[in-house]
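Okay, so here's the structure we're looking at.
The values are calculated or read from the model by the stated rules, or taken from the named source; none is laboratory data. Since we're looking at a predicted model, the values are computed, not measured. Note: ideal-geometry Cβ built from the backbone for every residue, glycine included; neighbour counts use all protein chains shown. Just so you know, the surface numbers come from the protein's heavy atoms only, side chains and all, with ligands and any DNA or RNA stripped out. Shrake-Rupley method; radii C 1.70, N 1.55, O 1.52, S 1.80 Å.
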Amino acid sequence: MILANAFCLFFFLDETLRSLASPSSLQGPELHGWRPPVDCVRANELCAAESNCSSRYRTLRQCLAGRDRNTMLANKECQAALEVLQESPLYDCLCKRGMKKELQCLQIYWSIHLGLTEGEEFYEASPYEPVTSRLSDIFRLASILSGTGADPAVSAKSNHCLDAAKACNLNDNCKKLRSSYISICNREISSTERCNRRKCHKALRQFFDRVPSEYTYRMLFCSCQDQACAERRRQTILPSCSYEDKEKPNCLELRSLCRTDHLCRSRLADFHTNCRASYRTLTSCPADNYQACLGSYAGMIGFDMTPNYVDSSPSSIVVSPWCSCRGSGNMEEECEKFLRDFTENPCLRNAIQAFGNGTDVNVSPKNPPFQATQAPRVEKTPSLPDDLSDSTSLGTSVITTCTSVQEQGLKANNSKELSMCFTELTTNIIPGSKKVIKLNSGLSRARPTAAFTVLPLLMLKLAL
């Protein structure tokens, strides 16, 4: 009887462990349906070539037309279409800043993802590919041209924003596009209409999308020692036309207006992804990446959410969109939170100061991991090709860093030295996907092997 019970127990454990060790058990929700990332235009082409995907995509677009999410999901046909598309390349697709079909790509992206969100989210995921490069070379150029490290007396008298404008005039493309937006934004329409804001915004977008950041960043983020320099910096985007208005709208209403336009919505989501203050990093920026934040900020110029410096103070950096929280009612707390992401954002402030000082931070791994864009996926460089480079999967690594702001050449917001020692644990993220492989998943797959080791001891005990 004992041997019979032992045999039954062995058979049960054997079947259980086989099922745990089988390949299907390892696919889980994290690995199920993984696909190499593609841009949304290409993903749409792949979907169109498959009859099931194509028909479901048409159904979903009809479901989203004029309906909210709850109404859409109440329809079984709409829900089935959404479930099918979550397994298609459309679900994981992203876009590139400056690509030829950027607007078409973003329209495809939001046609899927607007059906996945419950109501209006405060932070939306960025539809753009994450920035993994750094601004070190541009920082060094800014340091040389701004006079950092030169004679302090000479540097103090320099107007770095004026120097940036002169450098732009030495580049044909920069000079042409800058002259274009200055002319358009200064052109008065009538005594009651100071300019054509729509054309002004379009000219500004062309300037910041087509001119290398080597020139545009120097004009936007130049460091200043006096008010004249700071005023020139504030006037870079011709704020009387592109920024200011007779009255300040409510910030939440301005956000809602922005989100009706796919481009504006995408740039705002990208800003939140890359400039949202993080208190787990040295610089307060996600992944300590200044370039991503500065590129996202510049990417919003030329839209309804255009930000700018609020005054001509050379000693403080405060930026904001042209809006206020008056008339917010019971939404005032949310409005203030939205506005503080601009006016009191330590990541953005540190990034602007670092660029003006010509310093960068080097605490990240050589190949920074892609961020899962669940909370607020940007390339600012206009010279990027339209085709996508192959992404490489990233392993788990532990980076232990003990450093200080002064050691990194950064200027803290106050006079006290900010020192911190931290351990950053990165996780494996499937390239181009929002799905994260949990670290403990590897441990769970190792457990069946350990169970086989214990099994003989258990059988011996039952036999005795």
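Residues in segment 207-261 that are touching a Pro at 6+ places or on another chain (Cβ under 9 Å), of a type outside the set (A, V, I, L, M) and open to solvent by 60 Å² or more (accessible area, probe 1.4 Å): Arg210, Gln225, Gln227. Exactly one residue among Asn5, Asn52, Asn70 is in a helix (DSSP H, G or I) and at pLDDT 80 or above, and that residue is Asn52. Beta carbons closer than 7 Å, at least 6 apart along the sequence or on distinct chains, pair a first residue in segment 282-300 that is at negative phi with a second that is at pLDDT 95 or above and among the basic types (Lys, Arg) for Gly299/Arg267; Met300/Arg267. When Arg178, Arg205, Arg234, Arg218 are screened for being in a helix (DSSP H, G or I), closer than 17 Å to Ile301 by Cα, in the same structural domain as Tyr297 (by the TED database) and at pLDDT below 95, only Arg218 passes.
For segment 341-360, a tally of residues being part of a helix (DSSP H, G or I), within 14 Å of Thr283 (Cα to Cα) and among the β-branched types (Val, Ile, Thr) returns 1. Applying the set (1) crowded, with 24+ Cβ neighbours inside 10 Å; (2) in a loop (DSSP other than H, G, I, E, B); (3) of a type in the set (A, V, I, L, M, F, W, C) to Met305 leaves exactly one unmet item: (1).
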